[in-house]
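Student: One structure is given below, represented as structure tokens, and several questions about it will come after.
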Amino acid sequence: MTTIFIVLILLASVLLGLIVLIQNPKGGGLSGNIAGFSNQFMGVKQTTDVLEKGTWILSTILIVLCIVSTLLISSSKNTSNDAIKNIPTNSNTLPQQQMPLQPAPSTTPGK
């Protein structure tokens, strides 16, 4: 389950990085000339809207995946720890060690 979340988080991160790198900080990005198209490719306004919506959607997906994976991983660790804590131990199976008897110190002077 953890590996599924890790793969999904990595995939969302890579896609988010690609979308952010495609955008131009001044609003150019894909809306500029692509492969010789001197006019509009999908329209300037539509391209920036698609990239902006994609950025918001992928960042939201990434945040939700991180939060959900944290909750599931911590809850799975708690259940495994509870299972270990609830293992019954039988104290009768272990031999009890007794302290060896030591003679009492002598209280008589001179001996």
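The values are calculated or read from the model by the stated rules, or taken from the named source; none is laboratory data. Note that this is a predicted model, so its numbers are computed, not measured. Cβ sites come from the backbone with ideal geometry, for glycine too, and all protein chains shown count toward neighbours.
Student: Mind listing whichever residues of the range 10-32 are at pLDDT below 70 and either charged (D, E, K, R) or surrounded by 12 or more Cβ atoms within 10 Å (Cβ to Cβ) (or both)?
Tutor: Passing the criteria: 26, 28, 29, 30, 31, 32.
Student: Pairs under 7 Å by beta carbon, first residue touching a residue at least 12 places away in the same chain (Cβ under 8 Å) in the range 45-68, partner among the polar types (S, T, N, Q) and assigned to a helix (DSSP H, G or I), six or more apart or different chains?
Tutor: From residues that are touching a residue at least 12 places away in the same chain (Cβ under 8 Å), the pairs are 47/31; 48/31; 62/13.
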